[in-house]
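See structure below.
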Amino acid sequence: MFADKRSKKVVFVAHCVLNQNAKVNQCAHYPGVMRELAEYLVESGLGIVQMPCPELTYLGLDRQMDTRMVGTVESEDTRIAVRMRESAARSACSRLVEDIAYQMGEYRKNGFEVVGILGINGSPTCGVETNWSEDKEAPGAGVFLQALGERLENNGMVVPIRGVKAANPSEAVFTAKQLTLSRPLPPEATRTTPIPDLKR
């Protein structure tokens, strides 16, 4: 089945990897896609599955920001982090997770390889190694990818999950290469800069 030109390999990516227009105000680093990362994924021959943005789904594009309030990017991210931990937000994330887990299961069932998931470090929802809490980047996954990881584990699916940052394209491409190549690259292979402590 599926005897055509498809690679039968897919990678799932956070929504804003392919659409920076969905980002929180003042957090977009590109006009559209994360160009260097997207170019690498396209050239690798992978199918790219864009996951929904849970913040946009639950809070809307403006994240229900009160325009009368003057705040920093950090304080706005903290406000969003608090909102996305609400029970209704977690329920919304769970519904998205169910759909993604179903898609991954369908790919696996039909002999495709789900090579991994790319999240956005520093995000309160899509962070992998780091999330956002109390006006700063904090260790641990965001609420959405934490729920997705737990769901996949419960389903007995082992899918590598890694985080990237739009602010550091070379590091993002390096992470994607580690995730998508059959043999992980040594750290000195393509990394040109250390991992920064930057906003998402």
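Bear in mind that the values in this text are calculations on the coordinates, not laboratory data. Source: prediction; values computed, not measured. Glycine also receives a Cβ, built like all others from the backbone with ideal geometry; neighbour counts cover every protein chain displayed.
Kindly put Phe112, Phe174, Phe144, Phe2 in sequence by how many other C-beta atoms sit within 10 Å of each C-beta, fewest to most.
Details: Phe112 17, Phe174 22, Phe144 32, Phe2 9.
Placing the least packed residue first, the sequence is Phe2, Phe112, Phe174, Phe144.
Could you sort 79-87, 14-22 so that the peptide with the highest average Cβ count within 10 Å comes first and the rest follow in order? Kindly include the intermediate steps, with their values, before the conclusion.
On the way: 79-87: 16.8, 14-22: 21.0.
Result, highest mean Cβ count within 10 Å first: 14-22, 79-87.
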> Using Cα pairs under 8 angstrom and six or more residues apart, how large is the relative contact order of the range 9-180, in percent?
Replying inline: 24 percent
>> Could you identify which residue out of Gly119, Gly127, Gly71 has the top mean-square fluctuation in a GNM of the chain using Cα springs shorter than 10 Å?
In response: Gly71
> Amide H to amide H, which residues 5 or more places from Trp132 or on other chains are under 5 Å from it, using H placed in the peptide plane?
Replying inline: Ala138
> In straight Cα distance, which lysines are under 26 Å from Lys23, not counting same-chain residues fewer than 8 positions off?
Replying inline: Lys136, Lys165, Lys177, Lys199
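Tell me what the chain gives for mean residue ellipticity at 222 nm when only DSSP H runs of n ≥ 4 count, each as -39,500 (n - 2.57), the sum divided by the residue total, rounded to 500 deg cm²/dmol. Walk me through the numbers before you get to the answer.
Numbers: 7 runs with 77 residues, N = 200.
Estimated from H runs of four or more residues: -11500 deg cm²/dmol.
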